[in-house]
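S.K.: Structure provided below as structure tokens; questions to follow.
All of the numbers you see were taken from the coordinates with simple rules; none came from a lab. Keep in mind that what you see is a predicted model, and the values were worked out from it rather than measured. Cβ sites come from the backbone with ideal geometry, for glycine too, and all protein chains shown count toward neighbours.
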Amino acid sequence: MTQAPWVHIVGGGLAGLSLARELARFSSLPGAVVISEAREDYQDDRTFSFWCQESQQAFLKPQSLCPDWRIGDANQSYLMRGHHYSYATRSSIDFYDEALGVIADHPAVEWRRQRVEAPPQAKFVFDSRPPSVAEFRVVQSFHGMTVQLERPHGLTAVGLMEDLQVVDGRVRFRYVVPLGANQVLIEHTEFSGTPSDLDSLQQLNKDWCISRFANGWTELRQEQAHIPMGIRSQGQDLGIPIGTRGGMARDSTGYSYVSIQRWAQKAAHQLVCRQHYTPYQRPAWEQWMDQMLLRLIEQRPDCVPNIFCALARNLSADAFARFMMNQTPMDALRIVAASPKKPFLLAMAGRPQWI
Ligand SMILES: Cc1cc2nc3c(=O)[nH]c(=O)nc-3n(C[C@H](O)[C@H](O)[C@H](O)COP(=O)(O)OP(=O)(O)OC[C@H]3O[C@@H](n4cnc5c(N)ncnc54)[C@H](O)[C@@H]3O)c2cc1C
């Protein structure tokens, strides 16, 4: 009879591979680590975007960095210039290749192509299978394309949330990231209680490329998804839930790359050095702030563009980036101070319908 592994990780995406990679950095492990992944092969299926300080670059490994980003609606556009933070991107394939390389070099860590449907036997079992869309509280739907341009685009800032508007009760915006002089990632995103039609979002991307670059662009790749903004309930866990399943994606934004990288490093250290795991817990401040924003998206989406524009107008870029990446109670207070008071106070009081 073969011995059960010490750690079994179900799902080898961002969270599963990050934990396995961090465990594999320890030359000596207390037992075997198995990571089971259902997919056939890894593709460049997503772009991880995040805010990053210079001191974090060796750890987070950005491939593009831009200190300027814009937020605006049809009437106004605010430029935010980070002094300590830049907006960064990393392609998923770069992350997968790096993690799989570290894992392959460790004799006690085994990556298996295997779909797991029942709880595996191991001292620690982690479950990173994504929750289903039916379980999302608010859905962030987007379609994105990386396009190659015949001429330089001339963009000097990331379009973080451009042309913010509400269409049929859905908060919609355009997102544009320059990836080099002749390449951009263009996405259209909607926040709503139900998933958006991804084909319509794709058409918006094409229309924007035509209006901006005429015929001088070629599509290189696509990505699209419905991402949870809050999870109501979820099916049976096969182990300790991690990644999006474990609430590691920020409710108000869907961002999770940085929180997962930090968590994986800490969790691996705890597991190896103390044979112990402390469940992931998002800070209470963050949950409180995010609940208010979700309430507004659900009940008063018409107020949301104005809130983001007010944040861009009233907050420093670094304070905004800090809020997005590693909120402290102080950052939360700055956000409240920079927001239009009435929507926030009424959302806080659970009465957004009175706005
Ligand atoms: C297109 C896209 C773009 C995104 N962009 C950003 C971004 O810019 N910034 C950011 O911070 N976040 C972003 N996210 C959100 C989040 O960072 C990612 O979804 C991230 O991949 C979540 O990590 P995860 O490990 O929870 O899930 P995943 O990376 O999806 O991993 C789950 C894994 O489990 C596997 N699996 C499922 N069922 C089984 C089973 N039964 N047995 C074994 N394996 C199974 C899947 O094949 C998958 O590999 C994006 C997400 C998507 C989809």
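S.K.: Alpha carbon centre of segment 4-51 versus segment 202-228: separation in Å?
M.R.: So the two Cα centres are separated by 31 Å.
S.K.: Given the options Ala58, Ala88, Ala310, which has the most mean-square fluctuation in a GNM of the chain, springs set between C-alpha atoms less than 10 angstrom apart?
M.R.: Answer for the Gaussian network model of the chain: Ala58.
S.K.: Around Ala268, under 12 Å between beta carbons, what's the net of Lys plus Arg minus Asp minus Glu among the other residues?
M.R.: +4
S.K.: Please compute the alpha carbon radius of gyration of the chain, then divide it by the globular-protein estimate 2.2 N^0.38 Å. Two decimals is fine.
M.R.: The reported ratio for this selection is 1.02.
S.K.: Separate question: For the chain, what is the mean residue ellipticity at 222 nm derived from helices alone (per DSSP H run of n ≥ 4: -39500 (n - 2.57); sum divided by total residues; nearest 500 deg cm²/dmol)?
M.R.: Roughly -10000 deg cm²/dmol at 222 nm, from the helical runs in the chain.
S.K.: Mind checking which of Leu164, Leu238, Leu294 has the largest fluctuation in a GNM of the chain, springs on alpha carbons under 10 Å?
M.R.: Result: Leu238 has the largest fluctuation of those listed.
S.K.: Sticking with this one: Using alpha carbon centroids, what distance separates segment 121-193 and segment 57-105, in Å?
M.R.: 13
S.K.: For the ranges 68-78, 260-270, 181-191, what's the packing order if you count other beta-carbon atoms within 10 Å of each residue, average per peptide, and put the highest first?
M.R.: Peptide ranking by packing, descending: 181-191, 260-270, 68-78.
S.K.: How do 150-159, 135-144 rank on mean C-beta neighbours within 10 Å, highest first?
M.R.: Going by the mean number of other Cβ atoms within 10 Å, highest first, we get 135-144, 150-159.
S.K.: Please get the size of the charge dipole for the chain, origin at its Cα centre, with Cβ charges of +1 on Lys and Arg and -1 on Asp and Glu, quoted in debye to the nearest 20.
M.R.: In total the dipole reaches around 1000 debye.
S.K.: What does the charge count around Thr328 come to, taking other residues whose C-beta lies under 10 Å from its C-beta (Lys +1, Arg +1, Asp -1, Glu -1)?
M.R.: Here the charged neighbours net out to 0.
S.K.: So what J values fall out for segment 271-281 if you push phi through Karplus, 6.51 cos²θ - 1.76 cosθ + 1.60 with θ = phi - 60°, rounded to Hz, Gly and Pro as x?
M.R.: After applying 6.51 cos²θ - 1.76 cosθ + 1.60, I find 4, 6, 7, 10, 6, 9, 9, 9, x, 5, 9 Hz.
S.K.: Under a 5 Å amide H to amide H cut-off, with H placed in plane at 1.01 Å, what residues pair with Ser196 once short-range neighbours are removed?
M.R.: For Ser196, whose amide H was placed from the backbone, the distant partners under 5 Å are Ser141.
S.K.: Which lysines have a Cα less than 24 Å from the Cα of Lys61, not counting those fewer than 8 places away in the same chain?
M.R.: Lys266
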